[in-house]
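Data first, discussion second: the structure below is written as structure tokens.
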């Protein structure tokens, strides 16, 4: 049950509308808007890797491995930050992103795909996938999703 000033999950609300985590994401987004993404891929990658290195475990290990996988299997995608999360763009548009568990005090991180990803499968399909660990099966599935998203 939510109490005054808190959400249902117990997160403290800093105002009547947003949790502290949501406000932090908005601040991250404002800072990211000042960066000219896509101008220098090496600089963009350094910024994303630095953000991943600041994450607590297991988010840091998952984020690092996911970043390496995306860079190696989908080199067309460019790294950037998006609301404080590592994201990967095609032609300047976010195609996929990693939302670490700690960001919103969730029990697992997620790999999400935007509507730019071509994952369409009938009338309904998943666009966000829970990540508890990146074993061989999960890595292969992510590569297949990336290939489909880019097709």
What number, rounded to the nearest 500 deg cm²/dmol, is the helix-based mean residue ellipticity at 222 nm of the chain, given -39500 (n - 2.57) per DSSP H run of at least four residues and division by all its residues?
-> -12000 deg cm²/dmol
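Compute the length gained on full extension between residue 121 and residue 34: take 0.36 nm times their separation in residues and subtract their Cα-Cα distance, giving the result in nm to one decimal.
On the way: separation 87, 0.36 × 87 = 31.32 nm, distance 3.65 nm.
This chain segment gains 27.7 nm when fully extended.
Which semi-axes, in whole Å and largest first, does the equivalent ellipsoid of the range 33-83 have when worked out from the alpha carbon gyration tensor as the square roots of 5 times its eigenvalues? Walk me through the intermediate numbers first.
On the way: eigenvalues 68, 42, 12 Å².
After diagonalising the Cα gyration tensor, the semi-axes are 18, 15, 8 Å.
How high is the FRET efficiency between residue 50 and residue 140 when r is their beta carbon distance and R₀ equals 25 Å, given to the nearest 0.05?
Numbers: r = 28 Å, r/R0 = 1.13.
About 0.30, to the nearest 0.05.
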Going highest first, how would you order 129-141, 47-59 by mean Cβ packing within 10 Å?
-> 47-59, 129-141
Just the Cα atoms of the chain, one point each, no solvent: what log10 I(q)/I(0) does Debye give at q = 0.12, 0.13, 0.16 Å⁻¹?
-> -0.54, -0.63, -0.92
Exposure proxy check: 125, 37 ranked by fewest other beta carbons within 10 Å?
-> 125, 37
Of 22, 91, 45, which is the most mobile in a GNM of the chain whose springs link Cα atoms less than 10 angstrom apart?
-> 91
Helix 59-73: inclination vs the chain longest Cα principal axis, degrees, rounded to 10, gives 30 degrees
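The numbers here are math on the coordinates, done by the rules we state, and not lab data. Fair warning: this is a prediction, and the values are worked out from it, not measured in the lab. Cβ: placed from backbone, ideal geometry, glycine included. Neighbour counts: every protein chain shown.
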